[in-house]
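Here the structure is laid out as structure tokens; the discussion comes afterwards.
No lab work stands behind these numbers, since they all come straight from the coordinates. Computed from a prediction, not measured in an experiment: that's the story for all the values here. A quick note on method: Cβ atoms are made from the backbone with ideal geometry, for glycine too, and the neighbour counts reach across all protein chains shown.
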Amino acid sequence: MKLRYLVPAVLLLASLSARAELIHQYRLNGTLADDMRGRALLSAGGTFSGSHYVFGANQGLTLEENLGSVYTIDFAYSLDSQASWRKIIDFANRTRDSGVYTHNGGAAIFNGGGTYASLGRVGNGVESQFTFTRNAAGMTQAFVNKELVLSFNDTNGVLKFSTNFANFFMDEGANGGEASAGKVDYLRIFDTALTSAEVAALEAPVAPVNDVPEPATAALMLFGVGMLGVARRRKSAA
């Protein structure tokens, strides 16, 4: 039980709507474990350095789970090269060219028949927060450092996860390997599309969710603090 972790965790949960649930949280501080006790990530050749997972070109991370069609994916990362196309989220276990990319530093979507891209915003080696959402109607949005930079109506379902694998920072290789080396600080996934206000309230994870006291534990803790105060007042009165 760690009190210093209680406040930031409570503030994060309070900032999200009742319908949003954090289902995976990977802080990547030397481990691929999930703070939510779900599946650990799989590494494709990267290594840990400090509080980051560092990967080479076409290395990256894989979650063995079908995340479906409604989700929010949030991570802080940097790429050594932002030139041209660099895939950051793959939806079909690296069997399609479609997916979420950076394109010359901007957020981009390639859906097989068209390209939708924001203007360049992030330079080589510059860490930024990237948040990508998709709701049940197919509306997808990309945020860079909490700023909405791209909206796209995924009417064809290209941005639904179609297999039991979600891949990050790895390309399928059909066009010469559109991937870059880089590093990622954390990765977390919600089971719904967050609003712009909810994205703005996101902060980097600072502690395991499991360190937040359960209600009964918290109540007992508050009772103990209260009794300590009563004892001190009686001592002062004596």
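Could you check region 101-183 for strands (runs of 3 or more DSSP E) lying wholly inside it with 2 or more residues that are closer than 27 Å to Ala201 by Cβ, touching a residue at least 40 places away in the same chain (Cβ under 8 Å) and not aromatic (Phe, Trp, Tyr)? Explain how you work it out, then say what you get.
Values: elements: 106-110, 115-117, 128-134, 139-144, 147-153, 166-168.
By residue number, 106-110, 128-134, 139-144, 147-153.
Take region 47-64 and flag every residue that is surrounded by fewer than 22 Cβ atoms within 10 Å (Cβ to Cβ) and at negative phi. Break it down into steps so the answer makes sense when it comes.
Taking region 47-64 first, the residues surrounded by fewer than 22 Cβ atoms within 10 Å (Cβ to Cβ) are 47-52, 54, 56-59, 62, 64.
If the condition is that a residue be surrounded by fewer than 22 Cβ atoms within 10 Å (Cβ to Cβ) and at negative phi, then Thr47, Phe48, Ser49, Ser51, His52, Val54, Gly56, Ala57, Gln59, Thr62, Glu64 are the ones that fit.
Limited to region 160-187, what total is found for residues that are crowded, with 20+ Cβ neighbours inside 10 Å and either among the small types (Gly, Ala, Ser) or within 19 Å of Gly99 (Cβ to Cβ) (or both)?
Going through region 160-187 one residue at a time, the tally reaches 14.
When region 68-84 is examined, which residues are found to be assigned to a strand (DSSP E or B) and more than 28 Å from Gly50 (Cα to Cα)?
Step one: list which residues in region 68-84 are assigned to a strand (DSSP E or B), which gives 71-79.
Within region 68-84, just Tyr71 meets the criteria.
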